[in-house]
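A short worksheet on the structure shown next.
The values are calculated or read from the model by the stated rules, or taken from the named source; none is laboratory data. Just so you know, these numbers come straight off a predicted model, no measurement behind them. Here the Cβ is made from the backbone with ideal geometry for all residues, glycine too, and neighbour counts use every protein chain on show.
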Amino acid sequence: MDTPHSLPFKQRLAHIEAFVFDNDGVFTNGTVFLMPGGEQVRTASTRDGYAVQHAVKCGLRIAMISGGHSQEVVRRMNGLGVTEVIMGASLKLGAFEALCERWSIQPEQVCYMGDDIPDLPVLAAAGLACCPHDAAPEVRTACEYVSPIAGGAGCVRDVLEQAMKVKGLWMNDRALAW
């Protein structure tokens, strides 16, 4: 009998109950524009945003764990319907474990997407480890799925769309409204 870990990627997505993402390098391309006065500005993909809000409307659990402190990121994620936005997580594994406990799910039921060295402990703990195409080499090696799409260019949508298609949630009445 196949266990979830022995199944191919798309079949494994059917067993995933929640999706947790890093921010910089996943939702963004990792570039930070330093503005006069010290403000840091990032760009993010609207296609990722569409997929996130659609997934939330369809009942999927979505969260973000970031080492950053940007309140603009919190506002954006909240605007997409994501209520679990954990900022300032210098060690992400503890935040991930606490999130799983709050949700009453096992780490094996979670897909995590990260792009750099601080994401490695969470990638090892999660049931499905994913990363963008341009992730650090150590992260790419640790992941079961490497999106063909770079961070900030739609890699979040890539994973969510595949999962929602497997679960029969992608094209429905909720898909037609933002």
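Examine the range 69-92 for a residue that is of a type in the set (Ser, Thr, Tyr), surrounded by fewer than 18 Cβ atoms within 10 Å (Cβ to Cβ) and under 16 Å from Phe19 (Cβ atoms), and state whether such a residue exists.
The answer is yes; a qualifying residue exists.
Quick test for you: out of Asp119, Asp158, Asp115, pick the one residue that is part of a loop (DSSP other than H, G, I, E, B), charged (D, E, K, R) and surrounded by 18 or more Cβ atoms within 10 Å (Cβ to Cβ).
When all the criteria are applied, what remains is Asp115.
Starting from the range 132-153, keep only residues that are closer than 18 Å to Val20 by Cβ, then list their pairs with residues that are of a type in the set (Lys, Arg) and surrounded by fewer than 17 Cβ atoms within 10 Å (Cβ to Cβ) whose Cβ atoms are within a distance under 6 Å, requiring at least 6 positions of separation or different chains.
Filtered contacts from the range 132-153: Val146/Arg140.
Looking at the range 1-55 only, could you name the residues that are part of a helix (DSSP H, G or I) and at pLDDT below 85?
Correct list: Pro4, His5, Ser6.
Hey, could you check the range 21-45 for residues that are surrounded by fewer than 17 Cβ atoms within 10 Å (Cβ to Cβ) and polar (S, T, N, Q) and say which is farthest from the chain's Cα centre (by Cα)?
My answer is Gln40.
So if I check each of Thr28, Thr46, which one is without any contact (Cβ under 8 Å) to a residue 12 or more places away in the chain, closer than 28 Å to Lys165 by Cβ and of a type in the set (Ser, Thr, Tyr)?
On the way: Thr28 fails: without any contact (Cβ under 8 Å) to a residue 12 or more places away in the chain.
Result: Thr46 is the single residue among Thr28, Thr46 that is without any contact (Cβ under 8 Å) to a residue 12 or more places away in the chain, closer than 28 Å to Lys165 by Cβ and of a type in the set (Ser, Thr, Tyr).
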